[in-house]
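Student: My questions all concern the structure below.
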Amino acid sequence: MNVLLIGAPGVGKGTISRYLISNYGLDHISTGDILREAVVNKTELGLKVKEYMDKGALVSDEIIIGIIRERLSKCKSSNGYIFDGFPRTNTQAIAFESILKELNLKIDVVLVLDVEDDIVIKRITGRRTCPKCNTIYNIYYSSPKTQNVCDKCGCELFTRNDDNLESLKKRLSEYHTNADSLIHYYDELKLVKHIDASKTREEEYVLLVKILEGLK
Ligand code: AMP
């Protein structure tokens, strides 16, 4: 099963992904994570994209399509993939279509996670991440026991460079600019299912399972 996730930053794509990884054994492909790793490791790609990411601007379609092509041809998944944060534009969606065809793959469902912007703003600006074990906290909703320290490994938590309000507003506006036409693109292919992402995690999982069971 191949699942594509569409949703604003902070809507909970990571949480849904973790659920799909542990319960359905899917392979998670997040272009945001791939790019962040490249930035941390100061690779050629990382140096090229850092400025765009810090500003909350989109990285070029060409770079992103190259990353996906390489990732899909490098390691094959027997259970399927979660595409998280990709495609973001119609150009990426069209290129993706031909990559999938070449690899004899298809998307089974496009999950659109819907939530109001003001909820997203609280989720993102309150987000703190552990640099070692990647556990994510939120100072408003799920703070660590000791302020700014990871409960699991005791490391000091950090705020992602692009999790500031200015960058977030840019990312939200970028999301709204591209999402409508992207959702329309996949709606035409009858692949879209909506999930109300303002609900609790448990309620979201129930909805998710119902959708995935309906695909069988
Ligand atoms: P994300 O973690 O998905 O919110 O992505 C973080 C940042 O990485 C975005 O703000 C963009 O700068 C870049 N990025 C991730 N995925 C894409 C994509 N599919 N197209 C263009 N830029 C992307």
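The values are calculated or read from the model by the stated rules, or taken from the named source; none is laboratory data. Since this is a predicted model, take the numbers as computed values, not measurements. In this analysis, Cβ positions are derived from the backbone assuming ideal geometry, glycine residues included, and neighbour counts consider all displayed protein chains. All accessible areas refer to the heavy atoms of the entire protein, side chains included, with ligands and DNA or RNA removed. Shrake-Rupley method; radii C 1.70, N 1.55, O 1.52, S 1.80 Å.
Student: Check residue 118 against each of (1) assigned to a loop (DSSP other than H, G, I, E, B); (2) among the charged types (D, E, K, R); (3) within 25 Å of residue 199 (Cβ to Cβ) and name the one condition it does not meet.
Tutor: Of (1) assigned to a loop (DSSP other than H, G, I, E, B); (2) among the charged types (D, E, K, R); (3) within 25 Å of residue 199 (Cβ to Cβ), only one is false for residue 118: (1).
Student: Would you check if there is a residue in segment 191-206 being at positive phi and loosely packed, with under 11 Cβ neighbours inside 10 Å?
Tutor: Keep residues of segment 191-206 that are at positive phi, which gives none.
Scanning segment 191-206 turns up no residue that is at positive phi and loosely packed, with under 11 Cβ neighbours inside 10 Å.
Student: Counting just the residues of segment 73-91 that are within 13 Å of the ligand (Cβ to nearest atom) and outside any loop (DSSP other than H, G, I, E, B), which one comes out most open to solvent (accessible area, probe 1.4 Å)?
Tutor: The qualifying residue most open to solvent (accessible area, probe 1.4 Å) is 91.
Student: Among the listed residues 186, 137, 205, identify the single one that is over 17 Å from residue 115 (Cα atoms) and in a helix (DSSP H, G or I). Outline the logic, then answer.
Tutor: On the way: 137 fails: in a helix (DSSP H, G or I); 205 fails: over 17 Å from residue 115 (Cα atoms).
When all the criteria are applied, what remains is 186.
Student: OK, next. Starting from segment 138-156, take each residue that is of a type in the set (Asp, Glu) and list its partners that are surrounded by fewer than 15 Cβ atoms within 10 Å (Cβ to Cβ), counting only C-beta distances under 9 angstrom and pairs at least six apart or across chains.
Tutor: Hits for this filter: 151/145; 156/131; 156/148.
Student: Looking only at segment 31-72, how many residues end up being on the phi < 0 side of the Ramachandran plot, open to solvent by less than 10 Å² (accessible area, probe 1.4 Å), touching a residue at least 40 places away in the same chain (Cβ under 8 Å) and within 10 Å of the ligand (Cβ to nearest atom)?
Tutor: So the count comes out to 1.
Student: On the basis of being in a helix (DSSP H, G or I) and under 30 Å from residue 107 (Cβ atoms), does residue 124 make the cut?
Tutor: Here the answer is yes, as residue 124 does meet what is asked.
Student: Suppose we filter 146, 159 for residues that are farther than 20 Å from residue 40 by Cα and open to solvent by 40 Å² or more (accessible area, probe 1.4 Å); which single one remains?
Tutor: One residue alone meets the criteria, 146.
Student: Quick one: in segment 1-30, which of the residues that are within 15 Å of the ligand (Cβ to nearest atom) and polar (S, T, N, Q) is modelled with the lowest pLDDT?
Tutor: Looking at the filtered set, the residue picked out is 15.
Quick grid of which residues meet (1) touching a His at 6+ places or on another chain (Cβ under 9 Å); (2) of a type in the set (Phe, Trp, Tyr); (3) closer than 23 Å to residue 158 by Cα:
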| site | (1), (2), (3) |
| --- | --- |
| 20 | yes, no, no |
| 26 | no, no, no |
| 55 | no, no, yes |
| 65 | no, no, no |
| 78 | no, no, no |
